[in-house]
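Here's the structure, in structure tokens; my notes come after.
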Amino acid sequence: MYETEFNAYTAQALVGQELTPLVTRYLNAKVAVIGKGGRVINGIPMRAEISNPAWRDVDKEVLRTQGINLFLKTPKILGGPYELLPGNKTPAFK
């Protein structure tokens, strides 16, 4: 499932970059904060950058990968939609 989601977000970033090259793109999630005693407190917005016109060509793939991985790996308990890491072999559909 990781590869499926990673590839989809990569495609989203690349297509968006071609269509509107001067726009910075983010993946957004509401990330929770863990308070005292492990209690989950209301979340704060997380913006994982996946495309930025200021990035040098040589850095684009690395920075895009970092942004997508940040979004995919955020634990569900903190509000992440996936909690996936590279190598996750969970089927995309059950």
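Descriptive notes on the structure:
- Ranked Lys60, Lys76, criterion: other C-beta atoms within 10 Å, fewest first: Lys76, Lys60
- Taking label points 7 Å from Cα along the Cα-to-Cβ direction, Glu83 and Ala8 give a separation of 1.8 nm.
- Between Arg56 and Met1, the contour length at 0.36 nm per residue exceeds the Cα-Cα span by 16.8 nm.
- Net charge of Cβ neighbours under 15 Å - reference Val15; Lys, Arg +1; Asp, Glu -1: +2
- Amide H to amide H distances under 5 Å link Tyr26 with Ile50, where only residues 5 or more positions off or on other chains count and H is placed in the peptide plane.
- Between region 4-20 and region 47-87, the alpha-carbon center distance in angstrom: 12
- For Thr74, residues with placed amide H under 5 Å, excluding near neighbours: Glu83, Leu84
- Label point distance in nm, Asn28-Arg47, each placed 7 Å from Cα along Cα→Cβ: 0.9
- Database remark: amide H of Met46 closer than 5 angstrom to the amide H of Ala29, Lys30, Val31 (H placed geometrically; neighbours at sequence offset of 5 or more, or on other chains; Pro and chain starts carry no H).
- Taking the number of Cβ atoms within 10 Å of each Cβ as an exposure proxy, the fewest-first ranking of Ile77, Ile50 is Ile77, Ile50.
- Neighbour net charge for Leu63 - beta-carbon separation under 15 angstrom, K R +1, D E -1: +1
Any read-out appearing in this document is the output of simple, stated calculations on the displayed coordinates, not a laboratory observation. What you see is a predicted model; the values in this text were computed from it and never measured. Don't worry about glycine lacking a Cβ; one is built from the backbone with ideal geometry, like all the others, and counts go over all protein chains shown.
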